[in-house]
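Values in this text are rule-based calculations from the coordinates and carry no lab data. Bear in mind the structure is a predicted one, so any value in this text is a computation, not a measurement.
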Amino acid sequence: MIDQRDPDNPIADTYVFDLEMSEKGRRVNRLAEWLNSAENRDAFKADMNGVMDRFDLTAEEKQLILDNDWLNLVKTGGNIYNVVRIAHLFDVGLYPLGAQQLGISYEEFLKTRNEEGAT
Amino acid sequence: MARIVAGIGTSHVPSIGAVVDQGRQEAPEWKPLFDAYVPVRTWLSDDRKVDVAIVIYIVIYNDHACDFSFSKYPTFAVGAASEYAIADEGFGVRPLPPIKGDLEFSAHICRHLVYEEEFDITVCKDMAVEHGLLVPMDLCFPQQGDWPVKVVPVQVNVLQHPIPTALRCFKLGQALRRAVESYDRDINVAVMGTGGMPHQLHGERFGHLNSDFDQWFLDRIENDPQSLCEMTHHELMDQAGAEAVELIMWLTMRGAMTPDAERIHRNYYAPMTTGMGLITLQDAA
């Protein structure tokens, strides 16, 4: 069998979403998938802690969300598309979220792009 | 008899959908992308491709934890319904008419894949579709009102590893071609492989682009798809970014076309975080 992954040569700064990551991020991902409904998004915005408790988030996971610490939410098993869903409820879009993961400002990030208006 | 009249490889970057909804296609930073689809649309509506009453697009796409959840994430899922709702991806439902299906054709595809090809797909009666499928439809069919073609959605897990190999995706395309050619109604079918090109959205490697890889991939998908089938997920992610592994879905489209298919259009534009690629193929005359 050809090994599709190469664990001896991990890709730098990359956290491939596999079954181990999915298990770690199970609570966060379930919450995020539940946000695919306007009613549920309103419920989250009205009572974030209550909703996070309902999905059994750990104290650490809750803090990462409240702190908008998207990079560590990814590292703790949040699938990126689900992290984007949660960030959206804090009015953080994909590119600012990306800049934060890179540790630079949004403006600095845009300067690294070929067409910075294509947001 | 049903026949495949076109193969299309295209990106499905979600910001394209937002640009369409906001009517910003003519903005200078977006015009190069949308202009590239003008000749494609002319080609797709030429006499040879719409000379029958029914035109069906088999669209290979991935769900982004939207209609499917990681609690149950099918490796290959095929729609068998007469209509597919527009999904809420967490940002509201886009103002688009539902996608129309063709139940009889979908059912044939499902039976053929399971009975004749040993592709034991998940068959979906209810399937809400999202940007993975809708953005390619936006680009190819931008007119107002109902969609002019019917669709068979084919969903591939490219999010939660283990995901199918590149070779398996190619073989699915070959199986889809045999499924189409064993259908006895007179219909025209196009196969669309969507996703990519290079991008990485998570971690400190956010924004990774590799335009040399993109041009190489566009060459290979046209002339040497077998070499792409040999790529591992690691190689793809290493070169093109972790989320670019979805390019394996282009191989399903390629598998559905003949080995000597001729390329008609090709475009590449990389304004922001993702290389937006386009290629169209048709069987050699």
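Here the contact order of chain A, divided by its residue count and restricted to Cα pairs under 8 Å and six or more residues apart, works out to 26 percent.
From the P(r) of the stretch A:36-119, could you give the percentage of C-alpha pairs in the tail past 17 Å? Looking at the stretch A:36-119, the distances longer than 17 Å represent 51 percent of pairs.
Straight-line reach from B:Lys125: taking Cα to Cα under 14 Å and skipping same-chain neighbours fewer than 8 places apart, the aspartates and glutamates in range are B:Asp67, B:Glu83, B:Asp102, B:Glu104.
Could you list, in their original order, any pairs among A:Lys45/A:Lys75; A:Lys24/B:Lys100; A:Lys75/B:Lys100 whose Cα atoms are separated by more than 29 Å? The answer is A:Lys24/B:Lys100; A:Lys75/B:Lys100.
No solvent, one uniform scatterer per C-alpha: report log10 I(q)/I(0) for the stretch B:56-170 via the Debye equation at q = 0.12, 0.15, 0.16 1/Å, two decimals. Those come out to -0.41, -0.65, -0.74, one per q. For the protein assembly as shown, the Kirkwood estimate of hydrodynamic radius, built from reciprocal distances between every pair of different alpha carbons, is 21.5 Å.
Phi angles across the stretch A:103-114 convert, under the Karplus curve 6.51 cos²θ - 1.76 cosθ + 1.60 with θ = phi - 60°, into 3J(HN,Hα) values of x, 10, 6, 4, 5, 4, 4, 4, 5, 7, 9, 6 Hz, Gly and Pro given as x. When the Gaussian network model of chain B links Cα atoms closer than 10 Å, the mean-square fluctuations of B:Ala242, B:Ala65, B:Ala27 top out at B:Ala27. Estimated from helical segments only, the mean residue ellipticity of the protein assembly as shown at 222 nm is -11000 deg cm²/dmol, where each DSSP H run of four or more residues counts as -39500 (n - 2.57). Applying the Kirkwood pairwise sum to the alpha-carbon positions of the stretch B:3-282 produces a hydrodynamic radius of 18.6 angstrom. Here the Karplus curve 6.51 cos²θ - 1.76 cosθ + 1.60, taken at θ = phi - 60°, turns the phi angles of the stretch B:69-86 into couplings of 10, 5, 5, 8, 10, x, 5, 10, 10, 10, x, 9, 9, 8, 7, 10, 6, 7 Hz, with x standing for Gly and Pro. For the stretch B:135-269, taking the reciprocal of the average inverse distance between every pair of different Cα atoms yields a Kirkwood hydrodynamic radius of 16.1 Å.
Amide H to amide H, with H built 1.01 Å from N, B:Glu83 comes under 5 Å of B:Gly101, counting only residues 5 or more places away or on other chains.
Between the stretch B:178-220 and the stretch B:2-16, what's the alpha-carbon centroid distance in Å? Each part reduced to its Cα centre gives a spacing of 8 Å.
Looking at chain A, do any whole DSSP H helices span at least 15 angstrom along their long axis by alpha carbon and average 1.0 or above on Kyte-Doolittle, and which? Let's see the in-between values first.
Numbers: long enough: none.
Qualifying helices: none.
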